[in-house]
Amino acid sequence: MLNKDTKELIDYIKTLVIPGKLSGIIPEQFIQNPDFLELDAAIKSIQNSVKELKLAQENFELGFQMMNEAAIIITMEEGQLVAYNKAFADVIKIREEEILDENARVPDLYFELDKRVIEELKESGFCNGLEMEIAVNNENEAAIIGLVSSRVINMKGKPHVLIIIKDISERRRLEEEIKLLSITDKLTQVYNRIKIDEILERELERSERTERPFAIILVDIDSLKMVNETYGNQIGDTVIVEYAKIIKENVRSIDIVGRWNGEEFLILLPDTDKDGAIVLAEKLRVIIDDFNFTKVGKLTASFGIAEYKKDLLPANIVSRADLALNKAKDKGRNQIEIF
């Protein structure tokens, strides 16, 4: 049986380690005992550490929920979602009782990280500023573009990943809009000359590598100067827009249409020889010839065709098409010529 001193010691220690109990009074016989004092200090140190850990956990949970940006915690190996904050719930608009349900048929429950990210997380413990399309949908069922920052955290003795998601969908949309504007002719909404030059270079390289044909057509609006002088530049712009619309609606999906200069359009025809280009040019010539343009009525167009001939520069094939176009105009316009 335990003696009285031992029982008193056990009762005192219980007051230190059992949650919710107040520290008892040190038994008188142990007040000067060095071994007891060392044990008492060790227990109180552990108790303080537990309090600090609990406080840190409460602060983390509070900060996690108060974050303005969406955040989730997933397991390192399985990528299973184990916690999320209010911002994340607001983004995906899903009922809270479902989101952590293992049986829920919701793709948002798993966050697939790129292998590079996992490797970096395992190596350094964090990965910042990775831009990726994340596997969550907003209330409109649209994928969200997130700037993702990740950090390894320890939970219950196992590695987890804290993921903070900064929604940059609007920024990406604006960037794409700016990019589109930079390569698009403002008036006609077809490619501008800068983009056409870039595509021509790429097509030259492809044809040199694959030995596949391609051709271009330069289309010039006949008598546009007369239209501007007679009806004004606003009607002239309307005519240009209508020309562009006719061309866009009557080429293949793989063909490229761009505004080359004021009244000239360039059509790039991949995998097409001069015969195929002639067929399209004649089709466009007839449609344009039969079209009633706003306030102007009937107008025509002239066409210059050039086929790829081992050209090293875009300027070479365009120059040949331009010579053919000038020849068509010299012959009375509303003509098709090849160089």
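Residues whose amide H falls under 5 Å from that of Ile153, counting only those 5 or more places apart or on a different chain, are His160, Val161, Leu162, with hydrogens built in the peptide plane. Across the stretch 145-152, rounded Karplus estimates of 3J(HN,Hα) from the backbone phi angles (6.51 cos²θ - 1.76 cosθ + 1.60, θ = phi - 60°) give 8, x, 8, 9, 10, 10, 8, 7 Hz, Gly and Pro being marked x. Please grab the % of Cα pairs in the stretch 220-339 that end up more than 21 Å from each other. Within the stretch 220-339, distances greater than 21 Å cover 36 percent of Cα pairs. In sequence order, the stretch 207-221 has phi-based couplings of 5, 5, 6, 9, 6, 8, x, 7, 9, 10, 10, 9, 10, 10, 6 Hz under the Karplus curve 6.51 cos²θ - 1.76 cosθ + 1.60, θ = phi - 60°, and Gly or Pro positions carry x. Working note: Karplus 6.51/-1.76/1.60 with θ = phi - 60° gives the stretch 288-296 the couplings 5, 4, 9, 8, 9, 7, 3, 6, 9 Hz, where Gly and Pro are set to x. Among Lys195/Lys283; Lys274/Lys327; Lys245/Lys274; Lys248/Lys327, which pairs are too far apart, with a Cα-Cα distance over 19 Å? Lys195/Lys283; Lys245/Lys274; Lys248/Lys327, as the Cα separations exceed 19 Å there.
In what sequence, highest mean first, do 259-267, 315-323 appear when ranked by Cβ atoms within 10 angstrom?
On the way: 259-267: 21.2, 315-323: 18.6.
Highest-to-lowest ranking by the protection proxy: 259-267, 315-323.
Values in this text are rule-based calculations from the coordinates and carry no lab data. Note that the coordinates shown come from a computational prediction; the quantities given were computed from them, not determined experimentally. Every residue, glycine as well, gets a Cβ built from its backbone with ideal geometry; the counts of neighbours run over all protein chains shown.
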